[in-house]
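Have a look at the structure below, then the notes.
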Amino acid sequence: MFADIIFYIIVSSTVMIYGAGLNRAVVFSYSPHQSMFKLLKMFLVVITASTLSYLVSAKFLMIADLSELYPFTSLLIFMIISSFIESIIRITAKISASEFAISYLFVLIGTGESTSLTECLLISSSCILSFFMLIPFIIAIRYRSSVRQKNSKDFFLIYISIAIIIIITLAWNVSWLNPKVF
Amino acid sequence: MKTNSRLIFLALSTAILIPFPGRLGYGIILLLALNLMTLIAAASRVLIVKISLKELQHVIVPVMLITSALVFRNLLVMISPVIALTLSFGFFLTAVSSFFVSSFFIPDMENFSSELKTGIKSTLVFSAYALFIFAFRDIAGYGTLTVPSTEGLRSVLILQESRGFTSLGLFFNTIPGAIVIIAVTQVIYSIILDNYRKIDIEESADVR
C-alpha cells in the first residue's frame, strides 16, 4: 500500500506521465491564493466521485458483464457530485470554483487502475497530491527566474523546467549503460 | 484571439503528444479520433440549441463525447487489440481536451455549417502539425515510419541505424522530449504571430 502511494505520487506521477494537469498547474501557479477554492473543491469531488464510481462499477457493472462502460457511469456520478458541491460553494463563499477536466481524469484513473476500494481511494488521492506537489515547484522556479508575465518566453522557461523535473524524477529508472542510448 | 489559439494549442498538444509513444501509427489513430470528436461536439451543440436545452449543454456535450470515446475504443479493440492496449486511456484524454477546445471556440451558434467550420479548422491545422511531429519523432528515435495494422504497427525502415543520430533522436521520443518540442513550437508560433501582426499594422498604416 505504501508502495502504491509512492508510485503514484513520485515514480509515475499522473501529471507528468499523462500530462493530465500540466497546463492547469502552470495557470494555478500564477495565483495560488485565488485557486485555493478550486483545489479544495477538486479534492472533495475526486474523493467522493471515485468512491461512488468504484462501488457502482464493482457491484453493478461487473455482475452484468458491462465493466467496459465504467467511464460513462463515472461521468454521470461525477457531474452530479460536482454540481452539488459547486452549488454549495457558490451559496456559502460566492465564488465560482468549477474544474472539470483534471478532476474527471483522476476519477477515471482511480476507478480503472484499482482492484479494491482502498486502492481506488489511495490512487485518486495520490494523483491529487502529485498535482498539488507540482505547483510549489513551478512557483519556486518562476520566482528564481523572475518570470512574471504570461508571455510565450516565460511559458517556454516553465515548460523546459518541467521537462527537467521529469528527467530528475525518472532518471533512476532508465538503463543508461544500454548500448543504444549513447 | 491570440491567447485563445495559444491555449488551445497547449491543451491539445499536452493531451496528444505527451502520453503516447512517438510512433506515427498511434498519431494517425488519435488524430482521426480527435477530428471525429470535434465533429460530434459541434453536432451535439447544434442539436442542443434546436431542442432548446441550452442550459444543459455543459452536461450533455461531455456525455456525448465520452460515449463516442467509448465506442471508438471498443471498435479499436475489435479491429486491432494490440493498439487498443497501448492507447487504453488515450481516447478519454482526447475527448476531455476536445471538449475544452470546443467550449472555447463556440459561444452561441445556430448555424451548423459555420459552427463546423470554426471547430474543424483549428483541429485540422493542429492535426497537420501533430502528424508532422509524430513523423519527426518516429524517424529521429527509431528510424522508421509506422502505420497501424490489425496485428499492431507495421513499420517501414527509412534510415539506416547509425549510433550518433539515434541516441540524440531517442530523447525526442521520450516525455521530456515531447515537452521540449511543445515549448519550442509555442515560442516559434508566437514569434510568427507577432511579426504577422506587425506587418498587418504597418500595412493598414500605409493604406491610410
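The values are calculated or read from the model by the stated rules, or taken from the named source; none is laboratory data. Everything quoted here is computed from the prediction, not taken from an experiment. All Cβ positions, even for glycine, are placed from backbone atoms using ideal geometry, and neighbour counts span all protein chains on display.
Odds and ends about this structure:
- Residues of the stretch B:172-207 satisfying the condition of being part of a helix (DSSP H, G or I), in contact (Cβ under 8 Å) with a residue 24 or more places away in the chain and under 30 Å from residue B:142 (Cα atoms): B:172, B:175, B:177, B:178, B:179, B:181, B:182, B:185, B:186, B:189
Residues checked against (1) without any contact (Cβ under 8 Å) to a residue 24 or more places away in the chain; (2) more than 14 Å from chain B (Cβ to nearest Cβ):
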{"residue": "A:84", "(1), (2)": "yes, no"}
{"residue": "A:90", "(1), (2)": "yes, yes"}
{"residue": "A:94", "(1), (2)": "yes, yes"}
{"residue": "A:99", "(1), (2)": "no, no"}
{"residue": "A:103", "(1), (2)": "no, no"}
{"residue": "A:108", "(1), (2)": "no, no"}
{"residue": "A:116", "(1), (2)": "yes, yes"}
{"residue": "A:123", "(1), (2)": "no, no"}
{"residue": "A:133", "(1), (2)": "no, yes"}
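- The residues of the stretch A:139-156 that are more than 8 Å from chain B (Cβ to nearest Cβ), assigned to a helix (DSSP H, G or I) and crowded, with 18+ Cβ neighbours inside 10 Å, listed by number, are A:141, A:142.
- Qualifying residue in the stretch A:169-182 (condition: buried (at least 17 other Cβ atoms within 10 Å of the Cβ) and either away from every other protein chain (no Cβ under 12 Å) or at pLDDT 90 or above (or both)): no
- Members of the stretch B:64-92 that are closer than 17 Å to residue A:66 by Cβ, β-branched (Val, Ile, Thr) and surrounded by fewer than 19 Cβ atoms within 10 Å (Cβ to Cβ): B:67, B:71, B:77
- Annotation: of all residues in the stretch B:52-92 being facing chain A (nearest Cβ under 10 Å) and not in a helix (DSSP H, G or I), the one that is farthest from the chain's Cα centre (by Cα) is B:88.
- Considering residues of the stretch A:96-117 that are aliphatic (A, V, I, L, M) and part of a helix (DSSP H, G or I) only, the residue modelled with the lowest pLDDT: A:101
- Residue match in the stretch B:162-172 (condition: modelled with pLDDT under 85 and away from every other protein chain (no Cβ under 14 Å)): no
- In the set (1) among the hydroxyl-bearing types (Ser, Thr, Tyr); (2) more than 14 Å from every other protein chain (Cβ to nearest Cβ); (3) surrounded by 20 or more Cβ atoms within 10 Å (Cβ to Cβ), residue B:97 fails one condition alone, (2).
- Residue within the stretch B:7-24 that is assigned to a helix (DSSP H, G or I), more than 12 Å from every other protein chain (Cβ to nearest Cβ) and at pLDDT below 90 present: no
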